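In what follows, a single structure is set out as structure tokens and then discussed.
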Amino acid sequence: MYVNVYFCLNDSHMKKKTVKEVPVDISGKLKDIGERVKTQRKKIANNYENFAAEHRINKVTVGRIENGENYKMDSLLRVLNAIGITLEDLLK
């Protein structure tokens with residue numbers, strides 16, 4: 001399957017490019033990552049709200065990651081750093 005992607009060349013011109021869509025179950029992958037984060041986090045703190053407060057991370061951010069919702073990569077990396085694991089370790 002191919003999709004049209006539009007990008008801006010300058011303020012007055014948009015260019016259309018057709019690219020092949022990669023079939024990925026993003027939602028499922030986010031949920032899997034969230035479960036892995038939760039499992040690791042529970043080894044050091046049973047409650048995600050206390051964990052977030054202790055590490056100065058927004059509790060909503062921790063909840064979104066653990067529930068498999070969309071988040072920013074830097075948020076995930078901050079949580080992993082607080083847990084004490086690397087992204088590579090998480091994905092093994």
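Just so it is clear, none of the values below were taken in a lab; they were calculated from the coordinates. Please read all numbers here as calculations on a predicted model, not as lab measurements. All Cβ positions, even for glycine, are placed from backbone atoms using ideal geometry, and neighbour counts span all protein chains on display.
At a glance:
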item: Formal net charge of residues neighbouring ASN47 (Cβ-Cβ distance under 14 Å; K, R +1; D, E -1); result: +2
item: Signed unit charges on C-beta, dipole axis of the range 25-90, positive-most listed residue LEU77, ASN46, ILE26; result: ASN46
item: Distance in nm between pseudo-label sites at THR39 and LEU87 (7 Å out along the Cβ direction from Cα); result: 2.0 nm
item: Full-extension gain in nm, ASN50 to ASP74, via 0.36 nm per residue minus C-alpha separation; result: 6.6 nm
item: Cβ-based exposure ranking for SER75, SER27, in which fewest neighbours within 10 Å come first; result: SER27, SER75
item: Derived scalar couplings ³J(HN,Hα) [the range 55-67; Karplus, 6.51 cos²θ - 1.76 cosθ + 1.60; whole Hz; x for Gly, Pro]; result: 9, 6, 10, 4, 5, 5, 4, 4, x, 4, 4, 5, 8
item: Proxy reagent accessibility, fewest Cβ within 10 Å first, across ILE65, ILE44, ILE85; result: ILE44, ILE85, ILE65
item: ³J(HN,Hα) computed for each position of the range 36-48 - Karplus, 6.51 cos²θ - 1.76 cosθ + 1.60, integer Hz, glycine/proline x; result: 5, 4, 4, 4, 5, 5, 5, 5, 10, 7, 6, 10, 5
item: Dipole moment magnitude, nearest 20 debye, the range 25-90 about Cα centre, only Lys, Arg, Asp, Glu C-beta charged; result: 160 debye
